[in-house]
Amino acid sequence: MEQRQHERPRVVLGVTGGIAAYKACELLRRLTESGYETRVVPTESALHFVGAATFAALSGQPVATEVWESVHEVPHVRIGQSADLVVVAPATADVLAKAAHGLADDLLTNTLLTARCPVLFVPAMHTEMWEHPATQENVATLRRRGCLVVEPAVGRLTGADSGKGRFPDPESVFELCRRALERVSAEVPADLSERHVVISAGGTREPLDPVRFLGNRSSGKQGYALARTAAARGARVTLVAANSVLPDPAGVDVVHVETAVQLREAVLKAAGDADAVVMAAAVADFRPAVYAPGKIKKRTGAEPEPLSLVRNPDILAELSTDRPRAGQIVVGFAAETDDVLANGRAKLARKRCDLLVVNEVGEKKTFGAEENEAVVLGADGSETPVPYGPKEVLSDTVWDLVALRFP
Ligand SMILES: Cc1cc2nc3c(=O)[nH]c(=O)nc-3n(C[C@H](O)[C@H](O)[C@H](O)COP(=O)(O)O)c2cc1C
């Protein structure tokens, strides 16, 4: 096998014949801008949607669909062998079927058989095609073999239709590619493949009336980083997102909620078959006892009514004591302003989760920032400090510790 000894990471971008092929151009631009040597291998059908000239100009590389061009260079073997990442975006139902069954009737399918690097499929198709048992079985086969198959987004499809099957935001697909390549250079395997993980993110809002709510400063960035990193490590990810303005990460099933009660319902529903649940959302402890159906008015001369609160359910404690699935790993987050470690240890004992990520919060710390610093406490007494750095680094540490605890 050819050794991969090149300075710039080599990406093969397979483009297949779906209407979303034009979005591959945006992805290609991001890949080349980032310094990756990117070679586009379109199928014949893809060229009905975007011309070879566009791919050649954007990549600075030759473009071929057949194995019969430049035969002396044996492209049907070389391109796959020397790749650091193969990403098929968009991936048609047809290419998923061919890849699952090992067909090799064009340059892309030959490349898929010769590649020994991570392979990422970004399917896009009509909902019926995606949901068909044939497609679902092909996706399951590819995932079992270690390929990353991104869940399509929900939204507008070709024509007037909408539903699941949409190509995700190209920027988030690029982000997945970048992370997959980072893991190649760090030589870390896709160790969460065939695992389902549920993550809560953001901050709940507890409405007082139709215009006001009690909320918190959580941006959702940590929970979204956990979702992105888990997806890049091959997991099937459900992200229960409370009021975050961040774009849905590629390949992640996102359930949007507003209140603590809605968040509990969505997490418990998804947790039934989950291998791990990570509660990164800032969930309000209390909510207003009464919801005013009309806007609360300021009455001249009158003092405001005191606010009366009731307790919200303690989702982390509930999940930890009554696990929806045997052997499930439960991870909590504790945001503390003082006595950080002592309060964290006490919370871990109270909640009975497996891991608790303890971080200090304050005006400029943690909330909304790109970086985080934390200590991950284990129910077994372990303490893993994570120095100040990107939220992805903390996320990967959490997944390392979760993976160690899987039964
Ligand atoms: C206008 C048009 C749009 C299409 N969009 C999709 C699509 O989004 N996803 C898909 O799986 N197939 C789509 N197809 C069908 C594929 O092009 C067809 O299955 C083709 O054989 C795929 O070949 P390939 O996988 O070699 O690229 C579309 C076909 C047409 C004519």
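Within the stretch 70-85, does at least one residue satisfy the condition of being of a type in the set (Val, Ile, Thr), within 15 Å of the ligand (Cβ to nearest atom) and open to solvent by less than 40 Å² (accessible area, probe 1.4 Å)? No - not one qualifying residue is present in the stretch 70-85. Among the residues of the stretch 232-254, those identified as crowded, with 24+ Cβ neighbours inside 10 Å, at pLDDT 90 or above and in contact with a Gly (Cβ under 9 Å, 6 or more places away or on another chain) are Val237, Leu239, Val240, Ala241, Ala242. Scanning the stretch 377-400 for residues that are in contact (Cβ under 8 Å) with a residue 60 or more places away in the chain and either buried (at least 18 other Cβ atoms within 10 Å of the Cβ) or farther than 23 Å from Ala281 by Cβ (or both) gives Lys391, Glu392, Leu394, Ser395, Asp396, Val398, Trp399. Scanning the stretch 10-35 for residues being farther than 19 Å from Ser172 by Cβ and either open to solvent by less than 20 Å² (accessible area, probe 1.4 Å) or more than 16 Å from the ligand (Cβ to nearest atom) (or both) gives a total of 4.
Restricted to the stretch 291-407, the set of strands (runs of 3 or more DSSP E) holding at least 1 residues that are among the aromatic types (Phe, Trp, Tyr), in contact with a strand residue (DSSP E or B) (Cβ under 7 Å, 6 or more places away or on another chain) and more than 28 Å from Gln262 (Cα to Cα) comprises 383-390.
Pairs linking a residue in the stretch 1-24 that is more than 20 Å from Arg179 (Cα to Cα) and in a loop (DSSP other than H, G, I, E, B) to a residue that is more than 16 Å from the ligand (Cβ to nearest atom) and modelled with pLDDT under 95, with Cβ atoms under 8 Å and 6 or more positions apart or on different chains, are Met1/Gln81; Met1/Arg116; Glu2/Arg78; Glu2/Gln81; Glu2/Ser82.
The set of residues in the stretch 36-55 that are open to solvent by 30 Å² or more (accessible area, probe 1.4 Å), in a helix (DSSP H, G or I) and either touching a strand residue (DSSP E or B) at 6+ places or on another chain (Cβ under 8 Å) or within 15 Å of the ligand (Cβ to nearest atom) (or both) comprises Leu47, His48, Phe49, Ala52. Could you please find all residues in the stretch 123-157 being assigned to a helix (DSSP H, G or I) and within 15 Å of the ligand (Cβ to nearest atom)? The answer is Thr127, Glu128, Met129, Trp130, Glu131, Ala134, Thr135, Gln136, Asn138, Val139, Leu142. Selection of the stretch 81-115 for residues being over 23 Å from the mean Cα position of the chain (by Cα) and either among the basic types (Lys, Arg) or assigned to a strand (DSSP E or B) (or both) yields only Lys98.
Suppose the filter is open to solvent by less than 20 Å² (accessible area, probe 1.4 Å) and in a strand (DSSP E or B); does Phe174 pass it? For Phe174, the condition - open to solvent by less than 20 Å² (accessible area, probe 1.4 Å) and in a strand (DSSP E or B) - is not met. For the stretch 50-80, a residue qualifies if it is touching a residue at least 40 places away in the same chain (Cβ under 8 Å) and out of contact with any Asp or Glu (no Cβ under 6 Å at 6 or more places or on another chain), and the qualifying residues are Phe55, Ser59, Ala64, Glu66, Val67, Arg78, Ile79, Gly80. Across the stretch 158-171, the qualifying residues are those that are assigned to a loop (DSSP other than H, G, I, E, B) and in contact (Cβ under 8 Å) with a residue 24 or more places away in the chain, and the one among them that is nearest to the ligand (Cβ to nearest atom) is Thr158. The condition of being in contact with a strand residue (DSSP E or B) (Cβ under 6 Å, 6 or more places away or on another chain) and closer than 25 Å to Glu175 by Cα holds for only one of Leu85, Leu113, that being Leu85. Taking the listed residues Thr38, Thr16, Thr43, the one that is touching a Gly at 6+ places or on another chain (Cβ under 7 Å), at pLDDT 95 or above and closer than 22 Å to Val122 by Cα is Thr43, with no other qualifying.
Restricting to the stretch 56-69, name every residue that is closer than 20 Å to Leu103 by Cβ and open to solvent by 50 Å² or more (accessible area, probe 1.4 Å). Once the filter is applied, which keeps residues that are closer than 20 Å to Leu103 by Cβ and open to solvent by 50 Å² or more (accessible area, probe 1.4 Å), the stretch 56-69 yields Glu66, Trp68, Glu69.
The values are calculated or read from the model by the stated rules, or taken from the named source; none is laboratory data. As the structure is a computational prediction, the values presented were derived from the model and not from experiment. No Cβ is skipped: glycine too gets one built from the backbone with ideal geometry, and neighbour counts run over all protein chains shown. Heads up: the accessible areas ignore ligands, DNA and RNA and are worked out on the full protein's heavy atoms, side chains in. Shrake-Rupley method; radii C 1.70, N 1.55, O 1.52, S 1.80 Å.
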